Each structure stands twice: as structure tokens, then as C-alpha cells.
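The values are calculated or read from the model by the stated rules, or taken from the named source; none is laboratory data. Because the structure is predicted, anything quoted here is derived from the model rather than measured. Cβ placement follows ideal geometry from the backbone for every residue including glycine, while neighbour counts extend to all protein chains displayed.
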């Protein structure tokens, strides 16, 4: 009897071998995808956008996460609000995806009209005795951390976002991300599972052969290397680079810029890592020649030599530099499709063509994102193949993938799988 | 253990609260969609077309309902026939979707050849002893009611179509729909569940804000309103309109035109409603200026002031006016896609450009159908959202939706769910 | 209680009536499709390509079968190899679909580098102690039979391929298919189940009405006919044709060309049939006028009058003629989509425009394949229709379909369904 019986998600989780990529089913099964969306995109904190997506009162920005649609808006009192984009009458979408400017939130279907704080102000034809007070738009838990908006769609959001908040509030302060603007944004649909997108971002083992533009300013060795894989010359260079870190980190911290790595990657609910990284070459920015793309620096920055404060979340990666920042948000669309939305931020008063050149600003991460999309697609296609067997992560350059896989399995188990 | 267990369809039906829109699963689950097609599009009478779709002997029209394909044709004896478009040999489709003219029904695969009444006339290579008599094309139960063709794909069609037949045979007689022609036809795919398409059609609460073209001739108040929602002026106008109905209905009926509302919307198998409605403004027709679009009136009509005989079925809506009629047929394509096929009928001898102007004829319902498609899509997207909770129907302007939901649940239960 | 319960695959198999087409579910159910791919495309020998797809050392050709991707390549020692296109690191696809030339197989993701025999030669960052010996690319069982490559994705390939090998090695020798080239290739996606594609190919009952180009050179009667279906003239012609077979076969065999039909269609694992068929008209080749398309004959052939050696497998059909060969490979894409990849082979030294005219070479099977795609789509649409009931195969012209259905059911049962 050779008939196949699909294993339970739990037994798939059991079958994962330490130090190895995940069993295929965790990358490609529909039921796992649905569980992933529920666990990682509803019950954990996710990055959904930026305060500067809605700079003025009445600005609204709609983001779609799975079947959820969230309205991020700025109320007349300048406060950020996040509500579900679902009318309390018959459920119609109120706003379209993307940006709009509103004075009230008016459902186009039957003109139910909500205040910007979500309260139902007007519902025609519902009778004088209709109780509007229980029909506010449903609110979403969120936090703005240094201008980055994190939301949690569950009623019971993980408490350990506090660590991220504490660390990043201080580190992001000099960049004043609240007072930036989105100079450019791209949506790239990767033909692969969201976990392959995240794995791809958490190692730079693939960088040297695939990301020529990024490698001008980014040091692939920062995320680990096997000294024996390197030529004697490369090994010497790597050792010098490591020594440089000790110096740089000490000097940056002495100047009041926290720089050392902080990570909360396993045995936690909220997954993050940050560190101030060295920028190669000209040392200023992730641009084709590693010099700053914008002459108007971010926030209170007066120096271009403060490296790259990288920040990982389980659905985002970020690079904060003296002249600009790059923020990528990852949204799973299906078991085999993942949206990567990338935003390039500059000082809100920087003027395109005067203070910054858009091509120079965006060149590196536009190219890198396209290259990564290709790699993720190859990786997903392979994981679908019946000939796929989980392979070994490098213990030098892929330890963060092993941690991610471990965290993934722990969190699934914690939510009953 | 937070793993989700999909509830049964039966418990979804149980969970519906009176006076509220349906639980999300009834709008978006695949298993519910399959049950819906089986119950409402196979085991109930549905409108599938018009006698004037096949005006001459040998005319055939193929319509697809789910995976079924039906051939409506006119036999040489001028009778309408409806047969399944499935060859009795190896199942090949015999005719393509849409219209064709045939002398016999010849399967293109192996030339099995059927008479227009479905009898197998010729089957090459099947041997001299092959019994052709049991290989006729499978017939479909149907009724032509005043020229509208209703079919039921089950062996046990509901008997209460008789009430519809009795009422509409008389009301449609003066329009002589059998002697019309299809002047124009559109297929619009709405990105929403068929029940949202039907709900949208059964209220005019959304009309004033969404259908400027329709509101010239159509009175949104006809399908209910909350007097307290109206300004004193609008309320006075509404009251005058209601008084006008009493007068008009009396006068029309005195002239021999049955006009009062007849409805069979709950506690029944066949769902319908008809009423002669007042046309606003110029009072003649659903056109941009409410004057007739065709100078050649339908049937035996000699007056343009006989309003709009509307007719609802659970997969159709119709408007019969002095100069033209509009017939819409609703065909579910998937849980989230619904075809709305609209036909504009004029007198069979009316000549385009002479007796009627096509743009004027079609303007209102082309615009209205596109607007409704947008609303249904918004509504469906919202019903998919985990933040959706069934909302309250207006007890003034959405009572027909509450009846539709009640009927829907009753019929599902009657068929074993 | 009218709710539908999907029957098991086993009960679907049980419900098939002898002499009739398959129950609908076997043509259109997802679970049956997955079982089909597993049983017929993994556990049986399938045709995957030709030696001449990779004529030179370093030539590689990637073919996708379901979620499997296979690299066919020619090693430096001129040997054919077939390996899974899945990197042993994290599973990435190594080569893209289609043809390429390689010196090593280098995974683009992290540069794991394999020899052409699949051995892992280099894996950076994996540590000095990493055991590469167990990380070769996974090999695929295959056989080249006269230049046709058959593969089996299971560890336990059926032994009775030996009969095919024995018969065809001798019959194909004079054509020397190893020394041909692919003059043209088409991929046609048929909108139907793969079994309908195969059924369509295994009868010529549909040819006379659908394949005018093919019928110039191909005799539809060769695959059976009902004498009583034919006119007296056609019957006489058919009888003359059968007499001609006796003569021709005797004469060809006397000249050393095995010609009689050999078939292994039921009670076997490997399904095939071969016979040397008469070419009509000018008698040379399947071209618009039945004369040879290429003046440079295949292999050691010196005569154009040796008919058409046809060969069927359960996922392929082939015609070997004096001047060229046509090889079609069938790959299921989904329950309702099937890829037919057709290759036209000529002598490797034949020059387009000099020795052969491409349009003349490809005309007949390009047209025939398009016509068959249309028929398969009609047939599949009909099999989806709830009104479909399995119909009777002709006992004259569809006996090979009955055998195919019988074999299909036997093989499913043998694999536990």
C-alpha cells in the first residue's frame, strides 16, 4: 500500500534535523502557510509601515496582510491610528490599498461614516434607536518605535517587544525617522515561501557571487565565514576587518552611538537583531560608490561615517545610514509568493535632484532585491522537488538561519502545532 | 492548542444571527460554494436565457453554469429544447459556448450525430447491433414563462414555480418577450460571491451615492427607507411618492395591467418578487433622461407610461418597460467570482439607429452594472477579512436581504446541510 | 441528507465499466492527479528525451516532470547522465529549464560545485571536516534505447522495460537516432487530463474528420474500423489495404526490417506498442504530399519506402521514417493541463534550406497537434460536466483505449489504490 498520507504539521516540525534547512512541507504546504500567517503575521508583532507613510493629519495608508487590510492614518491630533479596513455594516472595504487623504472614513457602499479615531459618526437608514457606540472600526494594537510602526493582530500581543523598543528607541533617535519621507518604494513579488525570503536575507554566504552592487559597501564576512574557505590573502583581510570592528565599535560608542550587536533570535517571541555595521570603501552609504546619496543627512546626524545600523525583524530588514535608510517589509501572499515592499527614506526636506539623486539612492537595493527574488524562486522550486532533502547549514555563515529555523519551530509549537 | 478546525457548513448556518449579514464562511468557503452550486443552481429553477436567444429553427445557444454546459435550441417544429452539451460517446462538448446555427448536432470528435430533439441518429464504427435509442443527449427540465427560460438541472424540480408562472404569464403578456430581439449583451465578472451580487441587487440603500445614472429613472426609496434618516423635505417627498403609488397602481390595474407587488421570498422553494414600479422624471424608461430609448414599443404596448415591471429571481433581475426590457442572469464562477450577463431587449422589428439609439438604450445599466461590480468586490474583500463580523441589516431598506439570507439558510437545510 | 461525499480513488477504479471510458473523477480529481503523477510518472519508465538533446560533452538539458526537475547531460567521457536538479545544500535549482553548456554544475546560490557525474567537488564555508562524499547530486535511473532516453524516478524500476529494449534496439538501429539533431521543437499545453491526451493518440476514429493534413500519409483504418460503417467502396478499399499489409510486412521483413506489430499493452508494467505502418500516397513520409522532407536519410537508411515505425509509450508517441522522425513526450501539468513536447529529428548533418525544408518537415504534426489539443480540451470539459456518464468505446476502432483504461486501473491497483 503505497498511498501517501500527508503528515500533520506537528510531525513535520518534529522531523526537522538540527543544523539543517526545514523539511519541504514547511516551505510549500497550504496548511502550513495558513498556520504561518496565523502564528507569525497575526500573533506576533510585525512591521507594517512608517510614521512618515502618513505625514499629515488625514493621511491614510492601507496595507494588506493576508486577507487583512489595515488603515494606518494620522488623526487630527497628529496621533497615529491603526484600524481594520472593514465597515461594521456589511463588511465593505472602506479605503483602497495605498495612500489617500481623508477628513472622515466614509464607506462608499452605504455611507456609514467614521471619525478618524474609528468611532461611527453616521449610519443612514439604521433607525433612531440604533446604537452606534458598539460599531466603531475595530482597532489594531500597534507601537511606533522610532517611527517604525509595529502591529499585532492578536488580542494578546507578545510583551517582549519591549526589548526591541528599548534598544531601538535609543539607536534610532539620531536618525529621526519620523521626520523622513519615502523617496521611493518598490513592491517585488518573490516566487517563494516567506521563510525562504527571510533565510535569504539572514546570510551573506550568497552575496559575493550574486550581489556585485551591494558588495561595494557591504561586507559579506560580517555574517560569518569559514576561514579555511578563504585564500591566505582573503583570510588576512578578514582578520583585519574583524580587528577594525573592535576599534570602530569602541570609537562609535565613545561618541555616544550604541553600536554593539544586540540580538533576540531564539527563546523569545519577538525576533530581532541590530548592530552598527562598517560600510566598505568610501564608507558612507549603500550606494554604487559607497558615498552618501543625499547631502541632507538624517535627523541630528552630522557625520557620514557612522556606518549602517541594521535591524532585522521576522518580517523586515532595515539599514539606517547617515544620509538615508532602507526599510523592507515582507508580506506572505501564498505558500509560494511573498511580497517584499522596500522604502527608501531621506530627510523630509531633502529635494530630489538637488539634495539627492534618485538613481544613486536606489541603485544598490533595487538590484539586490531583484537578485534575491531570483534566488528565492530557485530555492522554492527546489524545495518543491520530491528529490529535495533538507541540507546542512554552514556552521560559519548560516548560523542565523539555524536560529531562525529553531525560533520558527518553537513559535509554532507555542501556538499549538 | 490554537489550531483551527473548520466548522461544518451546518454549524455556519446555525451561527447566522437574524437581521445580520451572513457569517464570512458562507461567502468565501470553497465547500460552501460547491454546496451553493449544487443546491441553488442545480436543484432550484434558474433563469438561463430567453426564447429570443434562439429566434429561428436551428438556432442554438450554449450557456455554462458551473461545469454544466446547456444547449438551448429551437427545433424544426419551432419548439424550444434544452439538452446537456455532452456527447454520449466519450463526453466531448458538441457545441462551443455562445450562438450557432445547426441542422443536426454533430459532435466534432467522432461525428456522433443527434437530431435537434437530442435523439442519436448516427454513430459510426459502433457496430450494426449498437442500440442508439438509449444514447440521446440528456434533456434538461425547463419552462418558458412569457419567453423567459427557466431550467432545473435536478430530476425533482420544485413545484412552486407555478406561482411565478401564473403571475408572470399574465404580467409579461403585453410585452410579448418572445417577439423581442437581444439588441445588446454584456458579460461582467464581479469579483465576489454570487450571494453578495444578489444582496447588492436587492437593496437600493446604496443607490443614491453610487448610481447617478440609474437614479434619474429609479426611485431608491421604493425598496425601503428610514424616515428619520431623511431631511424634512426628503421625507415629505417620500410620503408624496408613496401616495402616488396608491394612485398609479389603482389606475394601472383599472386599465388591465396588474401592478401590485407579489412576492414569494421566504417559506418557498422558488424565490421571486414582482411589482410595477414608477419611473421617475420623464417616466418612460430607464435611460439617461427617462424617456423611451426605442420608438417601437414592445408587444401590444401602446403607452410609455406603464412604469417598470420588475422581476427578481434568485439568479436574475429584470425590468420590463414600454420600449425595452433589461434581463440580468447571474452565474457563479467560483466562491469569489460571479458572472452577470445582461441583455437589452427591444421589439424584434426595431432597427438600430432608426427606432432606437444603442447608447441611450444601454447607458444606464452598463454604468450601474459596472458600479455594482465595484461594490460587490469591496464587499467580498471585506467578508474575507478576519476582522469581518456580520453586521446589521437596516430594518427599513435591507429587509429583502434579511429575507434572502433566511431563504438561503432554509433551502440549504432542506437539502441536507 | 443530500450532501456529497467524495468517493475514494479505489471505489472510482471499481466503478469503471468494461468497454467504457473512465469515470469522470479519474479524469478531473486533484487527488487522482497526484496519484497518477506518483504512479505513472515516478514509478514507471517514462520517455524524457533523446541523446541528441545533448550531443556534445558538457551539453545539458533540463526537463520538468511535475515538481521534479531532471538534468540530462553528456559527461566528458561522452556518457549520458541524468541527475536531479536540486542542490544538496539548501535545495536550489542548479540549472534553468531548457538547454545549457556547462563544464561543472555550479549552484548559483552558494557556489556548491558538482562534477558532471554529480559528485560534489567544492562547497565553500562548510568547514574542512565537511564530508562531501555523501552530497552528490541524486542520480536518476535511466536507459537509452536506440537514443531515446527512458527514466524511472523510483528506486524500483519495472523490469519489463527489457522487452521494449529488446524489440526497439533492433528496430531503431537503422535510423541511428543517436546521430540525429532536433530540427524543431514545440510545446503545446493541452487543456485536458493526460489520459485524455493519451486516449486521443491511441485511436484514429477521429482522424478523418479532424486531421486533413495527417490523413494524406496516415491511414486511419490502421487502428481499426467497423466494416458496416463504411460505404461499399470504402469497405473494398479497406480490405485491399489490409491485404497490402500482409504483402508489405512480408517484403520488409524479408529485407531485414522487422515490421510486424509487437504490443505489451495489458498485464504488464511497461506499456508499449510498435509496428511498421504503411505510408499512404507517395508513401515516403508524414508531410503534406507524403514525399520525404529531408533528402539526407536517417542512419543507414537508403530507401524511402520503409514506411513509418510507430512506437507508443504511456507518455510518448513516435514515428520513425526514412527521412525524419517525430517524437512526442507527454508531461502532465495539472489535472486539467498536459504538456505535449514534440521534436522533429533529421540526420545530424542535414542542413536546413539545403537538405530539408522546415515548413514541409513540420507541417503535418504541427497541425495535427493543434487539432488534437482542441479535441482534448472539448473532451476534458465534457468529462467535468455533471451530465457526463462514461460512454462506450467502439469495439472496432477504440480497442486500444479499452486496453489503456484496463492497464491504467491495473497499475493503480498494483500501487495500492
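Assorted remarks:
- Considering segment B:154-210, the qualifying helices (runs of 4 or more DSSP H), each wholly inside and each with 1 or more residues that are buried (at least 22 other Cβ atoms within 10 Å of the Cβ) and in contact with a strand residue (DSSP E or B) (Cβ under 6 Å, 6 or more places away or on another chain), run over B:161-172, B:194-201.
- Qualifying residue in segment A:137-152 (condition: within 14 Å of another protein chain (Cβ to nearest Cβ), more than 20 Å from the chain's Cα centre (by Cα), assigned to a strand (DSSP E or B) and exposed (fewer than 15 other Cβ atoms within 10 Å of the Cβ)): yes
- Any hit, segment A:25-34, residues being within 14 Å of chain C (Cβ to nearest Cβ), more than 27 Å from residue B:379 (Cα to Cα) and modelled with pLDDT under 95: no
- When residue C:263 is tested against (1) crowded, with 17+ Cβ neighbours inside 10 Å; (2) in contact with a strand residue (DSSP E or B) (Cβ under 6 Å, 6 or more places away or on another chain), exactly one condition is not met: (1).
- Some residue of segment C:90-109 being part of a helix (DSSP H, G or I), surrounded by fewer than 24 Cβ atoms within 10 Å (Cβ to Cβ), free of Cβ contacts under 8 Å to residues at least 40 places away in the same chain and within 14 Å of chain A (Cβ to nearest Cβ): no
- Residue match in segment C:387-397 (condition: outside any loop (DSSP other than H, G, I, E, B) and out of contact with any strand residue (DSSP E or B) (no Cβ under 7 Å at 6 or more places or on another chain)): no
- Of the residues making up segment A:5-13, at least one is more than 14 Å from every other protein chain (Cβ to nearest Cβ) and closer than 26 Å to residue A:381 by Cβ.
- A count restricted to segment B:13-44 and to residues that are touching a residue at least 40 places away in the same chain (Cβ under 8 Å), assigned to a loop (DSSP other than H, G, I, E, B) and either in the same structural domain as residue B:330 (by TED's automatic domain parsing) or surrounded by fewer than 18 Cβ atoms within 10 Å (Cβ to Cβ) (or both) stands at 4.
- Applying the criterion of being under 21 Å from residue A:231 (Cα atoms) and surrounded by fewer than 22 Cβ atoms within 10 Å (Cβ to Cβ) to the residues of segment C:110-123, the residue that is nearest to the other protein chains (Cβ to nearest Cβ) is C:111.
- Checking each residue in segment C:218-232 for being outside any helix (DSSP H, G or I) and either without any contact (Cβ under 8 Å) to a residue 60 or more places away in the chain or within 21 Å of the chain's Cα centre (by Cα) (or both) picks out C:218, C:219, C:230, C:231.
- The set of residues in segment C:320-343 being in contact with a strand residue (DSSP E or B) (Cβ under 6 Å, 6 or more places away or on another chain) and farther than 20 Å from residue C:194 by Cα consists of C:320, C:321, C:323, C:324, C:325.
- Flag if residue B:373 is at pLDDT 95 or above and farther than 30 Å from residue B:260 by Cβ: yes
- The set of residues in segment A:45-77 that are in a loop (DSSP other than H, G, I, E, B) and either buried (at least 22 other Cβ atoms within 10 Å of the Cβ) or within 13 Å of chain B (Cβ to nearest Cβ) (or both) comprises A:45, A:54, A:66, A:67.
- Candidate set: segment A:358-405, residues that are surrounded by fewer than 18 Cβ atoms within 10 Å (Cβ to Cβ) and over 22 Å from residue A:329 (Cα atoms); chosen: the one farthest from the other protein chains (Cβ to nearest Cβ): A:399
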